[in-house]
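The values are calculated or read from the model by the stated rules, or taken from the named source; none is laboratory data. Model, not experiment: these values are computed from the prediction. We place every Cβ from the backbone using ideal geometry, glycine too, and count neighbours over all the protein chains shown. Ligands, DNA and RNA are excluded from the accessible area calculation, which covers all protein heavy atoms including side chains. Shrake-Rupley method; radii C 1.70, N 1.55, O 1.52, S 1.80 Å.
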Amino acid sequence: MSCGLSQMIQNMDRNNIELRIAYQCAPLLAGLKPSNLLMLRAKELKQVQYLLKQAGIKYFIVAHGQGRAAVLLYNKASLQEYLEQAIVAEKLGKMGYTDLRLGKVLYVFRQHYEAFLRGEISFPHEMGFLLGYPVEDVEGFIRNEGENSLYTGDWKVYGNLSEKLRLFGKFETARERLMKMVSAGVGIADIAKQYKMHQPVA
C-alpha cells in the first residue's frame, strides 16, 4: 500500500459515509470490478440507500441485523455478464442456482446467507462469484478452506499471481484517487456520473 493511501486511511473520518464508499467500493466505481461489498452500521443504511439512489448505483441488501448491514453495490450489466460465463454458471448450478437472472441469484444468495447466519449451513462461498472474484481463486479458497493462498489482497489469490498483483495495484490507485476526490468535496453521485456508473432505474 502506498504511503499516501495508508495515511489517508489512518486519517479518514469513519463517520464520512461517502469517503467509506470511495474506499470500500473504488474498484466498482472505477469500472475495474463488477461489484463490491459495503459494510455499514445498521443505523446508516437509510442514508446510504438515499445516497446510492441519488448516484444511480444499483445495490442489494445482503444482510441487516445485530447493528450491522452488508450491502452489495454492483454494475448490473457487468455482474450479469460475469455470472453467465459458462464456468461460473456451471459452478453456481452446483450450488443450487437454477435461474441465473441476477435478481434471482441475489434472492437465493440472501436466503443462503441468512441460513448461514442462523447456523444452519456452512458459509455460502458463492459470495466470491457475486463479488466478481476469479473462478480459480474462489475454487482455491473452497478447496484449501481459506489456507495456503499465494497472496492476500482484496481476496485470497490461488492462481495467476502476477496478474492479480497488477489488478490490486489498480484498485489501490483507484482508492487513492476517489478518496482524494471526496475529500476535495466531490460527491459519490458526481463520481458515479464521471465514471459512467450511473444506471437508469429499470
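Based on the reciprocal of the average 1/r between different C-alpha atoms, the Kirkwood radius for segment 74-144 equals 12.4 Å. Ranking of GLU176, GLU81, GLU126 by solvent-accessible surface, largest first: GLU81, GLU176, GLU126 (1.4 Å probe, protein heavy atoms only, all chains present).
For segment 125-175, the pair-distance distribution built from all alpha carbon pairs, in bins 5 Å wide starting at 0, is 4, 22, 32, 24, 13, 4, 1 percent. Computed from label points 7 Å out along Cα-Cβ, the spacing between LYS76 and LEU37 is 2.4 nm. Computed from Cα atoms, the angle from the helix 17-29 axis to the main principal axis of the chain rounds to 50 degrees. Within the accessible area of segment 1-156, the carbon and sulfur atoms contribute 49%, probe 1.4 Å, all protein chains present. Placing ARG68, ARG20 in order of accessible area, with the largest value first and a 1.4 Å probe, yields ARG68, ARG20. Estimated at 0.36 nm per residue, the fully extended path between LEU161 and LEU117 surpasses their Cα-Cα distance by 12.6 nm.
Compactness check for segment 118-202: Cα Rg over 2.2 N^0.38 Å is 1.41. How big is the accessible area of THR152 in square angstrom, nearest 10, if you roll a 1.4 angstrom probe over the protein chains? Counting only protein heavy atoms, THR152 exposes about 80 Å² to solvent.
Report, in listed order, any pair from LYS53/LYS164; LYS58/LYS170; LYS94/LYS170; LYS58/LYS164; LYS46/LYS76; LYS43/LYS180 with a Cα-Cα distance greater than 30 Å. Kindly include the intermediate steps, with their values, before the conclusion.
Numbers: LYS53/LYS164 32 Å; LYS58/LYS170 23 Å; LYS94/LYS170 32 Å; LYS58/LYS164 26 Å; LYS46/LYS76 21 Å; LYS43/LYS180 26 Å.
Pairs exceeding 30 Å: LYS53/LYS164; LYS94/LYS170.
When the chain is treated as a GNM with alpha-carbon contacts under 10 Å, the residue of LEU29, LEU45, LEU130 showing the greatest mean-square fluctuation is LEU45. Modelled this way, with points 7 Å down the Cα-to-C-beta line, the labels at ASN15 and TYR151 are 3.8 nm from one another. Within the P(r) computed for the chain, what percentage of the Cα pairs occupies the region above 22 Å? Roughly 51 percent, once rounded to a whole number. With the helix formula -39500 (n - 2.57) applied to DSSP H stretches of n ≥ 4, the chain reaches a computed 222 nm mean residue ellipticity of -16500 deg cm²/dmol. In this simple spin-label model, placing a label point 7 Å from the Cα along the Cα-to-Cβ direction at both LYS196 and LYS46 gives a separation of 3.7 nm.
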